Amino acid sequence: MLKSLQSDILHEAESQDLKVIIISAEGPVFSSGHDLKELTDERDPQYHAEVFQTCSEIMMLIQNHPVPVIAMVNGLATAAGCQLVASCDIAVASDKSSFATPGVNIGLFCSTPGVALGRAVPRKVALEMLFTGEPISAQEALLHGLLSRVVPEEQLEEETMRIARKIASLSRPVVSLGKAAFYKQLHQDLRKAYHLASQTMVDNVALRDGQEGIKAFIQKRKPVWSH
Amino acid sequence: MLKSLQSDILHEAESQDLKVIIISAEGPVFSSGHDLKELTDERDPQYHAEVFQTCSEIMMLIQNHPVPVIAMVNGLATAAGCQLVASCDIAVASDKSSFATPGVNIGLFCSTPGVALGRAVPRKVALEMLFTGEPISAQEALLHGLLSRVVPEEQLEEETMRIARKIASLSRPVVSLGKAAFYKQLHQDLRKAYHLASQTMVDNVALRDGQEGIKAFIQKRKPVWSH
Amino acid sequence: MLKSLQSDILHEAESQDLKVIIISAEGPVFSSGHDLKELTDERDPQYHAEVFQTCSEIMMLIQNHPVPVIAMVNGLATAAGCQLVASCDIAVASDKSSFATPGVNIGLFCSTPGVALGRAVPRKVALEMLFTGEPISAQEALLHGLLSRVVPEEQLEEETMRIARKIASLSRPVVSLGKAAFYKQLHQDLRKAYHLASQTMVDNVALRDGQEGIKAFIQKRKPVWSH
């Protein structure tokens with residue numbers, strides 16, 4: 001499952017026609033994380049290490065991917081499933097969705113999900129989820145920054161597609177440049193971050209689509225992206 | 001008072017029977033911070049330094065403690081009292097509670113409380129509290145991540161004990177391992193954080209309670225922790 | 001415009017009579033950011049670099065300024081205008097205000113605004129704004145930490161002035177010391193942060209206004225700042 005997800009995310013990643021990725025699920029559960037049968041002592045620690053490493057690689061791949069990745073969640077997202085939502089750039093969920101890191105209940109603290117969760121929500125929210133294993137509602141997840149938007153179930157696909165179509169209408173080189181710079185500067189000190197971001201702006205202005213967009217704006221016409 | 005709190009937090013910290021700590025207060029004030037009489041120039045700067053250093057040690061001790069520390073707040077928490085709430089892993093408060101860093105009013109900026117506050121709430125929330133000294137309500141504190149939960153006063157103890165009992169029902173080695181890893185990875189870069197957390201997961205799977213929990217789940221029975 | 005703003009912010013910065021700065025605008029737009037005519041290829045990349053560098057210097061100047069800087073927003077704040085709001089210490093807005101980083105629409109990703117935005121709001125909120133270019137309301141901005149306070153338009157000036165007057169009634173050396181320490185410790189590791197903040201407290205206690213404030217409190221009288 002992890003390898004298949006990895007392969008799907010990497011599929012035609014470099015194609016200029018790929019503008020945005022949506023990760024969704026079928027059925028009442030978005031994802032409940034790892035298959036625990038892979039984590040018994042019938043397998044050796046090397047195998048366990050490989051499982052968590054592959055999972056972590058996928059989460060980092062989402063951030064490093066050239067196009068925005070949207071999670072479309074309709075149902076329960078727990079453990080590595082909650083981590084997947086936290087790792088996407090944008091997350092839209094139906095109001096019946098809920099989110100939990102319940103590993104403590106089965107003696108397996110959600111430490112890898114905690115990496116993504118701790119970077120998405122305030123520390124006390126993350127710690128209560130990790131220590132109690134109790135779920136939070138979609139509304140709470142929105143309030144605390146785990147989700148970008150919550151809608152009624154019947155509008156979930158429409159709203160997600162609206163955002164995806166908006167992103168698909170933009171210049172891919174511009175979006176890619178901006179995404180990479182955003183994550184890179186986020187944990188730098190302020191002077192270094194501004195140095196990087198200012199250089200990114202200069203590079204962006206010099207892109208063909210950068211000039212086209214600026215000129216189209218000045219000339220009050222729609223831009224025509226050349227990618 | 002600080003030394004007594006430090007000693008209480010350290011009491012039997014290594015006992016496997018200790019599962020969770022609750023910090024609460026009697027009376028209408030949770031804590032209003034330092035005794036200002038200790039901070040006049042009748043005492044020398046070395047003494048002042050010792051006061052702040054002891055206080056800082058306690059705040060770090062809470063994070064470094066092997067079990068979760070819960071603040072149960074019913075009333076006013078100001079200055080180092082607000083810092084104490086911000087430093088706990090989980091904080092439950094009654095809806096009549098309020099929180100402030102009013103040091104500026106008496107010419108003593110809440111710089112040490114700002115360390116904990118600035119890591120718990122968004123920057124603009126912290127700065128407005130620090131610059132104006134004005135209190136925020138329990139609801140605002142919840143909204144901004146300073147609290148984990150707000151309940152009516154009459155439910156405060158019940159709700160806090162519910163969370164504490166839940167944590168006490170879990171495996172202490174698993175919770176301790178997870179808590180330490182969470183704080184350690186939180187400010188690392190993503191790759192380093194995932195490396196640490198993946199290794200933590202492998203170590204957790206190898207714990208006796210890790211295997212017991214996973215097997216109990218697969219066998220659809222309750223786990224029996226061996227700690 | 002940027003140079004004029006920079007000069008205004010620096011005006012009498014070292015005067016002990018300056019206690020607080022308010023940045024506001026006339027008309028329905030707070031600021032819509034850069035003049036795009038400066039960013040066409042009629043100017044060379046060195047010029048573009050200078051524009052972004054000047055802008056970044058101003059944003060850092062706000063943080064490094066000895067007194068608190070308040071944004072008073074009544075209307076639309078976009079791109080570098082939104083960055084300016086995010087960069088202020090405190091931001092008060094009317095409920096009709098809105099905030100956006102719409103650069104992607106014209107092929108120019110808001111990378112420099114993203115530096116300030118990514119430090120003010122949760123990551124998913126920042127990314128949705130940056131990737132879609134869509135505005136958020138004042139209430140959403142408050143909820144996510146971009147604003148300190150939202151009021152009806154007719155109360156905007158009164159509320160902003162109330163906060164400004166409160167800050168102006170405080171000791172400037174105390175506020176300056178605290179502001180500088182807050183930003184400095186914010187991204188340090190916890191031990192280093194507490195070391196810095198504890199030393200700041202000791203220095204603050206030793207200030208004339210520090211002793212005056214503490215003694216006035218103990219003697220139950222109003223402090224008289226000597227700055």
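Brief remarks on what is shown
- Restricting attention to region C:169-194 and to residues that are of a type in the set (Gly, Ala, Ser) and crowded, with 20+ Cβ neighbours inside 10 Å, the residue that is nearest to the other protein chains (Cβ to nearest Cβ) turns out to be C:Gly178.
- Qualifying residue in region A:24-43 (condition: in contact with a strand residue (DSSP E or B) (Cβ under 9 Å, 6 or more places away or on another chain), of a type in the set (A, V, I, L, M, F, W, C), at pLDDT 95 or above and within 13 Å of A:Gln83 (Cβ to Cβ)): yes
- Helices (runs of 4 or more DSSP H) completely within region A:53-162 that count 1 or more residues being touching a strand residue (DSSP E or B) at 6+ places or on another chain (Cβ under 7 Å) and charged (D, E, K, R): A:123-132
- The number of residues in region C:58-82 that are out of contact with any Leu (no Cβ under 9 Å at 6 or more places or on another chain) and of a type outside the set (Val, Ile, Thr) comes to 4.
- Extreme residue, farthest from the other protein chains (Cβ to nearest Cβ), among residues of region B:142-154 that are closer than 12 Å to B:Lys96 by Cβ and in contact with a helix residue (DSSP H, G or I) (Cβ under 8 Å, 6 or more places away or on another chain): B:Val151
- Within the set A:Ser87, A:Ser7, A:Ser24, the sole residue that is polar (S, T, N, Q) and either closer than 26 Å to B:Asn204 by Cβ or outside the structural domain of A:Ala141 (by TED's automatic domain parsing) (or both) turns out to be A:Ser87.
- Checked against the criterion of being of a type in the set (Lys, Arg) and within 13 Å of chain B (Cβ to nearest Cβ), the candidates A:Lys215, A:Lys124, A:Lys222, A:Lys166 yield just one match: A:Lys124.
- Matching option when the condition is farther than 28 Å from A:Glu212 by Cα, assigned by TED's automatic domain parsing to the domain that holds C:Ser137 and of a type in the set (A, V, I, L, M), among C:Ala71, C:Ala77: C:Ala71
- Among the residues of region A:197-206, those that are more than 23 Å from A:Val69 (Cα to Cα) and facing chain C (nearest Cβ under 8 Å) comprise A:Ser198, A:Gln199, A:Val202, A:Val205, A:Ala206.
- In region A:27-52, the residues that are in contact (Cβ under 8 Å) with a residue 60 or more places away in the chain and outside any helix (DSSP H, G or I): A:Phe30, A:Gly33
- Selected residue (criterion: nearest to the other protein chains (Cβ to nearest Cβ)) from residues of region C:68-103 that are without any contact (Cβ under 8 Å) to a residue 40 or more places away in the chain and surrounded by fewer than 24 Cβ atoms within 10 Å (Cβ to Cβ): C:Pro102
- Scan of region A:111-121 for residues that are more than 7 Å from chain B (Cβ to nearest Cβ), free of Cβ contacts under 8 Å to residues at least 40 places away in the same chain and of a type outside the set (Val, Ile, Thr), ordered by number: A:Leu117, A:Arg119, A:Ala120
The values are calculated or read from the model by the stated rules, or taken from the named source; none is laboratory data. These figures come from a predicted structure and were not determined experimentally. Quick reminder, even Gly has a Cβ in these numbers, built from the backbone with ideal geometry, and neighbours come from all protein chains shown.
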